[in-house]
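Where a number appears in this text, it was derived from the coordinates with a stated rule and is not lab data. Quick caveat: nothing in here was measured; it's all calculated off a predicted structure. Quick reminder, even Gly has a Cβ in these numbers, built from the backbone with ideal geometry, and neighbours come from all protein chains shown.
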Amino acid sequence: MLKAFVHTVSPEITRCELTHKKRVAIDPQIAVEQHKRYCETLQELGAEIITLSDNLSYPDSVFVEDSAVILDEVAVICRPGIAARRGEEQAIATELARHRSIEVIQAPATLEGGDVLQMGNTLFVGKTSRTNEAGINAFKEIADVFDYNLVSVEVEDCLHLKTACTALSGRSLLVNPAWVDIAALSEFNVITVDETEPWAANVLCIGQTVCVAEEFPETAAMLRDLDFKVRTIDISELSKAEAGLTCLSLLFNA
Ligand code: GLY
């Protein structure tokens with residue numbers, strides 16, 4: 001059974017952290033409506049939604065992906081790379097303990113779920129302003145126990161590894177090569193976003209369906225031409241808070 005943790009949009013989302021985007025006004029009500037539609041789409045694609053609301057005082061708490069990495073064998077509770085987000089992970093840890101054994105990333109290590117991309121037995125981990133060397137090493141120690149192959153990847157000019165690169169169905173990756181070192185990804189089939197849509201590389205793949213943010217029609221059309229089954233979701237208001245589709249859920253098999 002596929003399950004997805006999501007978190008209700010905080011009324012404080014207008015005060016979200018921004019690293020590579022300029023602040024523009026966010027309408028919290030539109031963000032809430034888009035989030036509702038996002039959750040409905042996940043349900044239509046077969047996921048059972050578990051909605052958390054513990055972290056409403058944290059502006060970025062809707063971006064639940066960053067709080068944990070869920071592997072089949074274990075859930076790793078992250079330590080955010082930015083002080084304003086530290087503490088969000090407590091509520092996720094409590095919920096995840098019902099489904100997995102738990103490992104916790106400890107200070108001074110930092111790791112955010114947006115920096116971890118799983119492709120089968122390979123775990124790509126982005127080196128970013130949010131995930132430090134100690135975080136990568138701590139995560140590797142946990143992953144080694146279960147024989148994962150951890151590959152660290154240089155990332156620049158964007159927030160997370162998964163801002164620059166996400167999984168399509170099969171052995172394909174969707175990538176913005178300006179932001180990630182594609183040499184590290186060479187065992188996979190690398191497909192490049194439309195050059196007019198640098199933020200389009202964050203797609204959410206559920207089964208054979210690739211969800212693409214509605215803001216990126218050229219990349220969606222290109223993927224359709226390549227015979228991917230594409231569905232678009234409007235997260236334009238949430239993306240003003242530097243969101244991507246993957247940030248808004250934590251998917252796992254129960
Ligand atoms: N606004 C998302 C983040 O900075 O984590």
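Test of understanding: what is the full-extension gain from Ala97 to Glu12, defined as 0.36 nm times their sequence separation minus their Cα-Cα distance? Can you show the working numbers first?
On the way: separation 85, 0.36 × 85 = 30.60 nm, distance 2.75 nm.
Between Ala97 and Glu12, full extension yields 27.8 nm more.
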Residue among Val74, Val64, Val212 with the largest mean-square fluctuation in a Gaussian network model of the chain, springs linking Cα atoms under 10 Å: Val74
Scaled to the compact-protein estimate 2.2 N^0.38 Å, what is the alpha-carbon radius of gyration of the range 1-69, rounded to two decimal places? 1.16
Quick one: what Rg and Dmax do you get for the range 153-254 from the alpha carbons, in Å? 12.7, 38
At 1.306 mPa s and 10 °C, Stokes D of the chain from Kirkwood alpha-carbon radius, µm² per second: 88
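Tell me the net charge near Ile49. Cut-off is 12 Å between Cβ atoms, Ile49 excluded, with +1 for each Lys or Arg and -1 for each Asp or Glu.
Computed value for this residue: -1.
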Rg/Rh for the range 1-143: what does it come to with C-alpha atoms and Rh from Kirkwood? 0.96
Which order do the peptides 131-140, 244-253 come out in when sorted by mean C-beta neighbours inside 10 angstrom, highest first? 244-253, 131-140
In whole angstrom, and with the biggest value first, how far do the Cα coordinates of the range 88-133 range along each principal axis? 29, 28, 14
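Calculate for the chain the 222 nm mean residue ellipticity that helices alone would give, adding -39,500 (n - 2.57) per DSSP H run of length 4 or more and normalising by residue count, nearest 500 deg cm²/dmol.
On the way: 6 runs with 56 residues, N = 254.
Calculated from helices alone, the mean residue ellipticity at 222 nm is -6500 deg cm²/dmol.
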Restricting to lysines and to Cα separations under 29 Å from Lys36, and discarding same-chain partners fewer than 8 apart, the set is Lys3, Lys21, Lys22, Lys162, Lys229, Lys240
Two-decimal Rg/Rh across the range 91-171, once Rg and the Kirkwood Rh are taken from alpha-carbon atoms: 0.97
Which value results when the Cα radius of gyration for the range 38-79 is divided by 2.2 N^0.38 Å? 1.35
